[in-house]
Every structure is written in C-alpha cells, then in structure tokens.
Amino acid sequence: MENSDTAPWYKRLHWQILIAMALGTVVGLIWGEQVVPKVGWLGTLFIRLLKMVIVPLIVTSIVSGVSAVGGGRSLGRLFSKTMGYYVLSSALAILAGLAMVNLIKPGVGANIAGTETATIPELSTPSSPVDLLLDIVPENLVAAAAKPNMLAMIFFSILLGISIAGLPDRPREFLVELFDSAFQAMMRLTSGVIRFAPLGVFGLITRVVGASGLESFRALGLYMATIAFGLTFHLLVTLPLLLLLLGRINPRIHFRNMAEPLAMAFSTSSSGATLPVTLNAVENKVGVSNRISSFVLPMGATVNMDGTALYECAGVLFIAQVMGVDLSIGQQAVVVLTALLASIGAAAVPSAGLVIIFIVLEAVNLRGPEVEVLVGAMLAVDRPLDMYRTVVNVFSDSCGAAIIARSEGETGVDTTVAAD
Ligand code: ASP
C-alpha cells in the first residue's frame, strides 16, 4: 500500500474513484444508452464482489467483536449508546427535512401532471413494528444468509458472540481466535475487492447517466433541491456538530478518512453494498476498534438511515403540498414519528426509501391514484437523491462509531488523516 505522504495524488484510491465518476458521467452523457451494455457489467461485477463478502464479513466481524466485549453490562452499555445515537441523529435529520419543506414549500402550486413517471417496484417491507421484530429472529439461518436478511444475521451473530463469551477458558479462547482470524481474512479479501472500486464505479455511473440522462431531472427541480438542501445541512452542519460536541473529533479529518465509503455509497446507492468498505475505513483509517465498529456499523447500515428518514418526512410533506392538503401540527408529528420507524424498516438497497414512503403516507391518510402518480414521478427522478441520501446514511453510521469509540476511551480515533 502507498503511503499518503509519498504517493502521487492520482495513485490514491479516493481520487481514482472521483476520476472514475467524472469519466462515467462524460461517457454516459456522450454515448447515452448504447454504452450501457458495454460498460454496465463492470458495475454489476463490482456489486457482486461486494455482496459476496457481506455475509461472512458481517458474521465474523460481529462474533469476534461481541465475544471480545463479553455479554452483560459492557454489551448493554454499548447497545444503549448505539441506539441512543441512532435515534438522536435520525430525529435531527427529520427535523432538518421538516424545516426545509416548510421553508421552501416545493409542492405548493407545483404541476406534476405530464412529468415522467416510473412504475413502483415491489420491495418487501415489514408492514408493522411487530412484523419488523419477528423478521429479526431467523427461522432458518441458511435461508436468512441466502436472502440476505441482515437484521436476522446480526441478531444471531450477537447471540453467538455472547454465548462464546460465556464459555470456559479453553473453548472460548479457541473460538475467539478462530472468529478473529476468519475476520482478518475477510478484511483482507475486502481490501482486495476495494482495489477494484474505480472500474466498478466507472461502470455504475456510466449506467446511471447513460440510461436516464440528466433531462428527466428538470421538472421536479425544486423538490429535488429541497431534499438536497436538507441532506446537505445534515451532512455538513448537524453531523459535524455531533462529532465535535459528542466526540471531540475534528470533522475534517473524519470526512477525509471516510472518502472511499462515501464515494462508494454515492455510486452504489446501497448502504448494504457499501458496508464492507465502511467497515474497512472505520477500522483502518478512522481507527475505531473492531469491538465497537462491528457492533455499530452492520446494525447502523440497516437501522440508522438519517438520509432516508429526512427523505420520508420531506417527501410526504411535499406530496401533501402538491395535493393541497394542509397537515396540522399533530399530523406533522405523526409524519415525523412514522418517518423514523419507516427509515428503520427500510432495506439498505437502492430506492428502498421511496418504496417505504407509502407507510408514512398511510399514517396521515394520503392514498389513492393521485398519490401513486406523484410517487411514480418522484421515483423517475429518485436516483440522484437516493445516491445522496445513501451518502448521508453511511456517514451517520461512521460518525456514530467514532463518537461511541471516543466515549469508550479510544483515544486513537481520527487523530490523523490515514494513508491509503
Ligand atoms: N438506498 C438507501 C440506502 O441503501 C436507502 C434509501 O433508499 O433511502 O441507504
């Protein structure tokens, strides 16, 4: 690996990824749809490689992390801190979305009829909090791994880690070492996959730009700008403030250490697919121990989605504005609460946020054909917003890991910008 002080800039991975994004945009714009079959497969291949490592990486990471923490009090403390952070950061994100929509009012007087719409994909989403809870307990571990049902895998891995921690010395030491070695091997494999990122990102961005161009994004410009402002506020103001105030961490250093996962979140639109890269950066660059990152990040990827939460709230209020429905303060509070729950239930895959918006719409009785046309129009322009909210989702998880690590006395977190 190159040292960041001596390697020329173009050899550093995050620059290579940025260049790949720029090249992908240019190629997609010039050659349009005809280029998609030629280079799109590079993106598909890269996503497959990432997905290939997810399940073994998460399982070994959590089991080795939790068995090192042990069960009991210290795990309980880590759990409360993690949940506390998830709820706080998502609630702040939703408030930013609420404020932006009420300030800018992008839906008032908007004429959406005639804009391009898209068919809403079928994504399985839990229909109630009880379903969500039941979904976490796998009936069959192999089926859960094959799906993959991440929350179920996380749940099982935590329980296995706790059980290992409770074993007598000899089997415990053996298993801790076994899972730790397997985890090291998976991290090494992941680093190898990440080297391929520039080519993969080039394929992904070319496909997005080539397939949809930039044209369709004009009609819903103000709506998109509103969401983008909210996301930017959360990314550049709220989360850095949390880093500073709760973790005494320099946000600039944290941003620079997270450059690769953020670029990856942007190009893949999937916190799940980005997870291997996030784990790698948070441990090797930010400097968080496996004990904490293995607990905060995998769960965060599915549960803590600040960008999606902001989007749920802002999207529903936008639809209400377009339809001329005045939501009372009480109804807005319902939107805030269900947006939080919906973001927890949303899968860490592209477009999940938009599909799950129906849950929030239902909560305030917005339904019917007009609503469906509006959601279809929003879906037609969803890709760039999805890319951006995924960046916010991933960044918030990493901030949580860094803040919690600091609060647990880890002093080496984000002290310097790490080398590639
Ligand atoms: N694509 C997002 C993610 O994976 C979820 C969403 O659609 O909001 O984090």
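This table checks each residue for (1) closer than 22 Å to residue 353 by Cβ; (2) of a type in the set (Val, Ile, Thr); (3) part of a loop (DSSP other than H, G, I, E, B).
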residue: 24; (1), (2), (3): no, no, no
residue: 27; (1), (2), (3): no, yes, no
residue: 43; (1), (2), (3): yes, no, no
residue: 50; (1), (2), (3): yes, no, no
residue: 65; (1), (2), (3): no, no, no
residue: 73; (1), (2), (3): no, no, no
residue: 89; (1), (2), (3): yes, no, no
residue: 97; (1), (2), (3): yes, no, no
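Considering only residues in segment 338-356 that are open to solvent by less than 10 Å² (accessible area, probe 1.4 Å) and within 7 Å of the ligand (Cβ to nearest atom), the one that is farthest from residue 397 (Cα to Cα) turns out to be 354.
Among residues of segment 265-294 that are under 13 Å from residue 62 (Cβ atoms), those with a Cβ under 7 angstrom from a residue that is within 12 Å of the ligand (Cβ to nearest atom), sequence gap 6+ or separate chain, pair up as 275/301. Scanning segment 255-270 for residues that are of a type in the set (A, V, I, L, M, F, W, C) and within 13 Å of the ligand (Cβ to nearest atom) yields a count of 4. Quick one: is residue 401 on the phi < 0 side of the Ramachandran plot, away from the ligand (no atom under 13 Å from the Cβ), assigned to a helix (DSSP H, G or I) and open to solvent by 30 Å² or more (accessible area, probe 1.4 Å)? No: the conditions fail for residue 401.
Does residue 383 satisfy the criteria of being outside any loop (DSSP other than H, G, I, E, B) and either open to solvent by 10 Å² or more (accessible area, probe 1.4 Å) or away from the ligand (no atom under 14 Å from the Cβ) (or both)? Taking the combined requirement at face value, the residue satisfies it. Against the list (1) at pLDDT 85 or above; (2) in contact with a Phe, Trp or Tyr (Cβ under 8 Å, 6 or more places away or on another chain), the condition residue 288 fails is (2). Selection of helices (runs of 4 or more DSSP H) fully inside segment 171-250 by the criterion of at least 3 residues being buried (at least 16 other Cβ atoms within 10 Å of the Cβ), modelled with pLDDT under 90 and not polar (S, T, N, Q) returns 197-212. Scanning segment 295-306 turns up at least one residue that is among the hydroxyl-bearing types (Ser, Thr, Tyr) and either surrounded by fewer than 24 Cβ atoms within 10 Å (Cβ to Cβ) or at pLDDT below 95 (or both).
With the structure loaded, tell me whether residue 363 is surrounded by 20 or more Cβ atoms within 10 Å (Cβ to Cβ), of a type outside the set (D, E, K, R) and more than 15 Å from the ligand (Cβ to nearest atom) or whether it fails that test. It is false that residue 363 is surrounded by 20 or more Cβ atoms within 10 Å (Cβ to Cβ), of a type outside the set (D, E, K, R) and more than 15 Å from the ligand (Cβ to nearest atom).
Quick check: is even one residue across segment 343-363 among the polar types (S, T, N, Q), closer than 30 Å to residue 280 by Cβ and in a loop (DSSP other than H, G, I, E, B)? Checked segment 343-363: at least one residue is among the polar types (S, T, N, Q), closer than 30 Å to residue 280 by Cβ and in a loop (DSSP other than H, G, I, E, B).
The residues on offer are 122, 116, 139, and the sole one that is at pLDDT 85 or above, open to solvent by 60 Å² or more (accessible area, probe 1.4 Å) and outside any helix (DSSP H, G or I) is 139. For residue 377, the conditions (1) buried (at least 21 other Cβ atoms within 10 Å of the Cβ); (2) among the small types (Gly, Ala, Ser); (3) under 29 Å from residue 237 (Cβ atoms) are fulfilled apart from (3).
The values are calculated or read from the model by the stated rules, or taken from the named source; none is laboratory data. Owing to the predicted nature of the structure, the values given are computational and were not obtained by experimental measurement. Backbone-built Cβ (ideal geometry, glycine too); neighbour counts: all protein chains shown. The area values use the complete protein model at the heavy-atom level, side chains included, leaving out ligands, DNA and RNA. Shrake-Rupley method; radii C 1.70, N 1.55, O 1.52, S 1.80 Å.
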